[in-house]
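*Asks:* Dumping the structure here so I can ask a few things about it.
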Amino acid sequence: MAKSKGVDWQSRIGRRLRLRDLHILFAVVETRSMAKAGAQLRVTQSAVSRAIGDLEAAIGVRVLDRSPRGVEPTVYGEALLKCGVAAFDELRGGISHIEHLADPEVGEVRIASTEAIAAGLLPAAIERFSARHPKVKLHLSHTTTHAEGYAALRDRTADVVLTLDASERVQRDLTEDLQAEVLLHERICLVAAAESTWARRRKLSFEDLSNATFIAPPAGTAGAIALEEAFRGAGLPVPHITLTTFSVHARSVLSSTADRFIAVLPSTVLWFNPGLYPLKLLPLELPTPPWPFIIVTRKGRTLRPAVAGFIACVREISSAVAGAVDAR
């Protein structure tokens, strides 16, 4: 099929391109088979073939090819699928918005959060939001912006991303399609089991910790950078890290149950979970400046009311604890 030189929107696209045909195309690509797509959608294979044919006639290019692995999208099909995802996402958002206007308690919020935020401030924000909007569905997924960036927003699997990030990284990674709001500045701290020999010492220096057993997040993260700069600032080599993990739970449990471990944690984890882990904040100030806790959303998009309400709750909780966290 020859590629069209131009597109007459009114006669070829506006009147002939149907959402149903796009939906069928998604099913064919997912199942790699027109027969399987028909079975999944409960329509005949001929109806699937006809829909794909109408789609190709409307845009003037072939969207599917057959390969040894089954039916696959052409380069034109890939482009159509990409914009189709955006179209369906916008339509879903519009319907959700209309539902919310009819019933203020209907909607959903998709949250992607790093574990440091999920183990600290986020539960308090969720508790407040769910008390105000008990019928709104919340979906929480884990993300690691250090490795994944903001793919959850660009893939449209999340409405908001909550993370700790350095200002330089924000400027580098956030493009014209994303925007970040700094909610508070997080301090990184060192903790040990409340009854450990480390916690019982009245005076402590970084030199004392040169041979300590550390648990920290991976290199390049806020916690790892703070630890490295603290030792280098004291004229000491970077300490050996016995375990590197993003898991706040693993860091907290290990350091609270084993005498020898010292863990690197965000201060809000301790602030929001007093008594959850038998940990004690060690009397050592990491010399790095506080790291921004940011909430990231897509730029230029009208937020659904439920999402806007959730962000408002996160702002309220952040504002309430910002002064206390900065003073720690």
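*Asks:* Select the strands (runs of 3 or more DSSP E) contained entirely in the range 33-152, then report the ones holding at least 3 residues which are farther than 19 Å from Pro305 by Cα. Break it down into steps so the answer makes sense when it comes.
*Replies:* Details: elements: 64-67, 70-73, 108-113, 137-142.
Because the criterion is at least 3 residues that are farther than 19 Å from Pro305 by Cα, the strands (runs of 3 or more DSSP E) in the range 33-152 that meet it are 64-67, 70-73.
*Asks:* Follow-up question, since we're still on this one. Could you check the range 222-261 and list, in sequence order, the residues that are touching a Lys or Arg at 6+ places or on another chain (Cβ under 8 Å) and among the acidic types (Asp, Glu)?
*Replies:* Correct list: empty.
*Asks:* If you don't mind, there's one more thing I want to ask. Go through the residues of the range 318-326 one by one and say whether even a single one is acidic (Asp, Glu) and closer than 17 Å to Asp165 by Cα. Walk me through it before giving the result.
*Replies:* Taking the range 318-326 and keeping what is acidic (Asp, Glu), we get 326.
Of the ones still in play, those that are also closer than 17 Å to Asp165 by Cα are 326.
Scanning the range 318-326, I find at least one residue that is acidic (Asp, Glu) and closer than 17 Å to Asp165 by Cα, so the answer is yes.
Results for (1) at pLDDT below 85; (2) among the small types (Gly, Ala, Ser); (3) assigned by TED's automatic domain parsing to the domain that holds Pro134, shown as yes or no for each residue.
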| residue | (1), (2), (3) |
| --- | --- |
| Leu17 | yes, no, no |
| Lys36 | no, no, no |
| Arg42 | no, no, no |
| Ala51 | no, yes, no |
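*Asks:* Kindly indicate whether any position in the range 312-326 is more than 27 Å from the chain's Cα centre (by Cα) and over 30 Å from Glu90 (Cα atoms). Give the derivation first.
*Replies:* So in the range 312-326, the residues more than 27 Å from the chain's Cα centre (by Cα) come out as none.
Among the residues of the range 312-326, not one is more than 27 Å from the chain's Cα centre (by Cα) and over 30 Å from Glu90 (Cα atoms), which makes the answer no.
*Asks:* Wholly within the range 204-274, which strands (runs of 3 or more DSSP E) include no fewer than the required count, namely at least 3 residues that are surrounded by fewer than 21 Cβ atoms within 10 Å (Cβ to Cβ)?
*Replies:* Strands (runs of 3 or more DSSP E) meeting the threshold: 241-244.
*Asks:* Let me ask you something else. Report the residue count in the range 148-159 for those that are β-branched (Val, Ile, Thr) and surrounded by 22 or more Cβ atoms within 10 Å (Cβ to Cβ). Can you show your working first?
*Replies:* First, pick out the residues of the range 148-159 that are β-branched (Val, Ile, Thr): 157.
From the residues that got through so far, the ones that are surrounded by 22 or more Cβ atoms within 10 Å (Cβ to Cβ) too are none.
Qualifying residue count for the region: 0.
*Asks:* I'd like to check something: does the range 94-107 contain any residue that is under 30 Å from His185 (Cα atoms) and assigned by TED's automatic domain parsing to the domain that holds Val321? Reasoning before the result, please.
*Replies:* Narrowing the range 94-107 to residues under 30 Å from His185 (Cα atoms): none.
Scanning the range 94-107 turns up no residue that is under 30 Å from His185 (Cα atoms) and assigned by TED's automatic domain parsing to the domain that holds Val321.
The values are calculated or read from the model by the stated rules, or taken from the named source; none is laboratory data. Just so it is clear, the structure is predicted and the values come from calculations on it, not from any experiment. We place every Cβ from the backbone using ideal geometry, glycine too, and count neighbours over all the protein chains shown.
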